[in-house]
Amino acid sequence: MQSLQQKASEWSGVSIADAFAIDEANLFHKLGLQTLVNLSTNFYNRVYDDDQEWFRSIFANSDKQNAIQNQIEFLVQRMGGPTLYSQRRGHPALIARHRPFPLTHEAANRWLHHMGQALDSTSAIDDDSKIKLINFFRHTAYFLVAGVEQKDQNFHVPCKDAALKQHPCKNF
Ligand code: HEM
């Protein structure tokens, strides 16, 4: 049976090594807090202004400022900075936290479309960091689609997957 990571690689076209190249480069130190704040704000401005109602509506019950704060703290932590997200929200458990939402392939594509535009229009993100971030986001988006699809299974089962030994599931 395919692991969630394998599915994510197949669907996103991003290998596990490329997806987690962020772990070899501390992008928090490289880019700095303000850039991650700007990226998260830029991204959610696009999401909440999306002209496609079906996508915008996924966020209808979420407060925009709170969503931005969640994203900033997650990115700071995941990119090698202080563990702001876990201090306030606990384990990221992103699959579990995305369960209420309709995470289809189409939704992942739209999310990635906005993130791609946010990355392109946020200053101070060099090309190498951009590629690493895009690969991480692409892989994670499809990892979440695969995880949410697998509704009736225990979230922690994938953590036992050998492939995750290199990429601890604590990140998700
Ligand atoms: C696949 C398409 C995705 C959709 C449709 C989606 C949708 C959502 C929605 C509706 C929320 C609630 C907003 C909030 O209150 O924070 C949320 C939260 C969040 N999302 Fe996503 N998301 C997607 C992909 C991703 C990806 C790829 C990441 C990370 C790389 C991510 C990270 C987060 C984080 C950290 C939160 C905050 C969770 C919390 O603390 O409650 N999401 N997402």
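The values are calculated or read from the model by the stated rules, or taken from the named source; none is laboratory data. These figures come from a predicted structure and were not determined experimentally. Neighbour counts are summed over all protein chains in view; Cβ atoms, including those assigned to glycine, are modelled from backbone coordinates with ideal geometry.
Overview of results
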{"item": "From ASN61, ASN38, residue being at negative phi and surrounded by 19 or more Cβ atoms within 10 Å (Cβ to Cβ)", "result": "ASN38"}
{"item": "Any pair with Cβ under 9 angstrom, 6 or more apart, that starts in the range 51-69 at a residue that is aliphatic (A, V, I, L, M) and ends at one that is assigned to a helix (DSSP H, G or I) and more than 9 Å from the ligand (Cβ to nearest atom)", "result": "ALA67/SER40; ALA67/TYR48; ILE68/VAL37; ILE68/SER40; ILE68/THR41; ILE68/PHE43; ILE68/ASN45"}
{"item": "Test result for LYS30, among the basic types (Lys, Arg), closer than 18 Å to LEU133 by Cα and in a helix (DSSP H, G or I)", "result": "yes"}
{"item": "Cβ-Cβ under 6 Å pairs, at least 6 apart or on other chains, the range 93-104 side within 6 Å of the ligand (Cβ to nearest atom), far side assigned to a loop (DSSP other than H, G, I, E, B)", "result": "LEU94/PHE172"}
{"item": "Residue within the range 78-85 that is surrounded by fewer than 19 Cβ atoms within 10 Å (Cβ to Cβ), assigned to a helix (DSSP H, G or I) and within 12 Å of the ligand (Cβ to nearest atom) present", "result": "yes"}
{"item": "Residues of the range 116-172 that turn out to be in a helix (DSSP H, G or I) and modelled with pLDDT of 55 or more, as a count", "result": "29"}
{"item": "Any hit, the range 41-49, residues being touching a Gly at 6+ places or on another chain (Cβ under 6 Å) and either in contact (Cβ under 8 Å) with a residue 12 or more places away in the chain or assigned to a loop (DSSP other than H, G, I, E, B) (or both)", "result": "no"}
